[in-house]
Structure formats: C-alpha cells, structure tokens
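Every number in this text was worked out from the coordinates using simple rules, so none of it is lab data. The structure displayed is predicted, hence computed values, not measured ones. Cβ sites come from the backbone with ideal geometry, for glycine too, and all protein chains shown count toward neighbours.
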Amino acid sequence: MSLNTKELELVSVTKRYGDTVAVDAVSHHFRPNSYTCLLGPSGCGKSSTLRMIAGHETVSDGAILLGGVDISHLPPAQRGTAMMFQSYALFPHLSVAENVAFSLKMKGVDKGERLKKAGEMLELVDLSALADRLPDQLSGGQQQRVALARALITRPQLLLLDEPLSALDPFLRIKMRAELRKLQQELKISFLHVTHGQDEALALADEIVVMNNAVIEQAGTAREVFNTPKTAFVARFMGGHNVVSLADGTYAIRADAVGLSAPGAGSIDGTVTAIEFQGTHVSVSARIAGDQEVTALLPDARFFEQPNNPGDPVGLTWETDQLHKLSA
Ligand code: ADP
Ligand code: MG
C-alpha cells in the first residue's frame, strides 16, 4: 500500500435541504487505495454525498474523516480531495495546459513551475501533444482527460468523480472507464466514482456501495454485491437476477442459472411471454403463478437447439442451491 493513501470514513453523515433528507445518517469505512463506486438510482443522494466529501456542500450532521482527521469543515482546497465534475467545466478561453495549471495559479505558484507540473499531468493522461489547444478543439474523451489532469494536479489523496462517463458515447465510455481504472492503479490513490450504471460499477469497482433512498443499502466487492444481493432492490438494480416469491420467502436467482425444460419437468411451470436475442445469449421470459415473471438467460446455441416462441408452455429449472434468500 502506498504511504500517502488515506482512508475515508463517513460517520453518520446527513444532508438536509429544507425538508428533504438527501443523505440519511450514512456511515461507511471506505477501503484505502481502491476504486469505489457509489451506485444507485437518480435522486438517491450520491452527488450530495460526494459534494459533502469534496467540501462543495455543507454537512448537516455527522463527520467526514480522511486519514483519521475530521475534514468536514475544511475548505475544499485543504481537504486532500479533488473533484472531477459531470460537465467537465473547462475554461473555454484557456488552453489545455492553462486549464490544467489553473489551480496552481490560484495558489500563487509561478508560471514556469505550474506549466512544468501541467506538462507532467498531461503526459500522465496522454495529452502532451494537445497542450496548446482550446477545449472546443477537443473531442469529448480528450476534454475528459483534461478535466482529469486538472483534478490530479493538486495531488489529491482521494479523487471524486461524479458520473464522469455519462456525457460520452457508449464506445468511448468503455474505453475511458478502462483508462480511469488504469490511472487509479498507477497513482495508487483512492477514486470514489458516482454512477447510476451497474455495468460501469461492476467493471470498475473494487468495492461497490449501493445507495437507495438516502441510505447505503449494501456494500461489498463487485462480485459479492452481484452474487449475494441482500435485498430485492439490490438484486433488481444490479440486474441479471430474477426476484421471485416462493412459498417460504423471497429469493433471487441469476437469470443464467435458470434453464428450460418440458412443461412439468422443471422446478416450476410457466408460459413464455418474450424472447430477446442478445448476441451470445437469448433471454427467455416466462410468466409463472402469482403473476410473476422469470427470465432464463440461455447460451444462444442451447436456445436454438429447441427454440421457443411466446405462448409456449415451458418448465423452468434451477438447482435449489442457486436460490439466494433475500431479506426484504
Ligand atoms: P443523486 O446524485 O443520487 O441523483 P442527489 O444527491 O443529487 O442525488 O439528490 C438527492 C436528493 O436531494 C434529491 O431528492 C434531490 O432533489 C435533492 N437535492 C439535491 N440537491 C439539492 C439542492 N441543492 N437543493 C434542494 N434539494 C436538493
Ligand atoms: Mg447525481
């Protein structure tokens, strides 16, 4: 572990806007030197949490600790954090290098020194060749790398990113997320990345913290959260699961753990309602008793051995040890 990695801890952090409780007594110990995704639906309190950590929003109650020090009331520049915004907010009239050097200018660092540091940061994000361009002469992906360099030039312990990929097209989003991951590993500092995309969180995160309705619903490694969701909300939000109420409780079962058989020969009977070709897999949805829907995700070759059609009666099969009991 790098020596300059400091642990972030939230202690019963609350944010109220008038009568709205945007963040409700959230406590969490973030893993040091790791890539953490704060994941949840729109309005659940992710950005408010991030802005309080950055110091762009006051804390209504509770404390934020970085490396054991209470930073809750420090100005943003003194926290050891840096924020990359959803809209990159680059200064249109400043060159790439000047944008990156901006915070050093505010600190009174002399021009030679700040352009040298900006040069190092641009090298880090592979933009040295474009140092003299203006922001509107850059692609979306390049603008994002400038914004990253600009945040990193302050040498933060913790980089905060609010939906950093949402303005990019799907192809570039996947490319940039790999770059973010690589950068975090190179710099050996912690990244805290807010997203509402479960695929993004699964691809990037050492740890996923799932928020819902102003609280943390579940936190764990990407694999833990995906494979062992605690609640129906997490199972549905992470995707790839069915949530079914059986005689003795509510369960999650991964769609790729459900198979099809002849009616009467499976774990439960149903009627096919929809078939979706997804390239490598075919998703077959069926209605079962209690007006519930179960989806089986079949390898395409398996599906096409004996293709089904909407309206067909089928058996849905699973191993009972694949059923994962949910707490709510
Ligand atoms: P997320 O980033 O998960 O979409 P936010 O933290 O932006 O969620 O918002 C959480 C809740 O707080 C929402 O109900 C939102 O409308 C409210 N909220 C956010 N910012 C403000 C604000 N500046 N003033 C009043 N309400 C706000
Ligand atoms: Mg937000």
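Computed quantities for the displayed model
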| quantity | calculated |
| --- | --- |
| Charged-residue dipole, Cβ positions (Lys, Arg, Asp, Glu), the chain about Cα centre, Debye nearest 20 | 1260 debye |
| Calculated SAXS-style log₁₀ I(q)/I(0) at q = 0.07, 0.13, 0.15 Å⁻¹ - the chain, Debye, Cα scatterers | -0.37, -0.98, -1.16 |
| Helix axis angle, 96-106 relative to the chain longest principal axis, alpha carbon, degrees | 60 degrees |
| Residue-span extension gain [R16 to F91] - 0.36 nm each, minus C-alpha spacing | 23.9 nm |
| Value of D in µm² per second that Stokes-Einstein yields for the range 82-224, Kirkwood Rh from Cα pairs, at 20 °C (1.002 mPa s) | 135 µm²/s |
| Three-way shape label, the range 20-77, alpha-carbon gyration tensor, a/c 1.5 | oblate |
| Relative contact order [Cα under 8 Å, 6+ residues apart], the chain, whole percent | 17 percent |
| Cα-derived Rg over Rh, computed across the range 146-293 with Rh taken as Kirkwood radius | 1.07 |
| Compactness index (Cα Rg / 2.2 N^0.38 Å), the range 1-118 | 1.22 |
| Helix axis angle, 111-124 relative to the chain longest principal axis, alpha carbon, degrees | 20 degrees |
| Rounded tilt (10° steps) of 170-187 against the dominant C-alpha axis of the chain | 60 degrees |
| Ascending count of other beta-carbon atoms within 10 Å, so fewest first, for T81, T14, T221 | T221, T14, T81 |
| Furthest towards positive pole of dipole, T58, F30, G45, structure part the range 1-104, Cβ charges | F30 |
| For D300, D24, D136, order by how many other beta-carbon atoms lie within 10 Å, fewest first | D136, D300, D24 |
| Convex hull per residue volume in Å³, alpha carbons only, for the range 240-325 | 85 Å³ |
| Mean Cα-pair separation over length for the range 240-325, i.e. relative contact order, pairs under 8 Å, 6 or more apart, % | 38 percent |
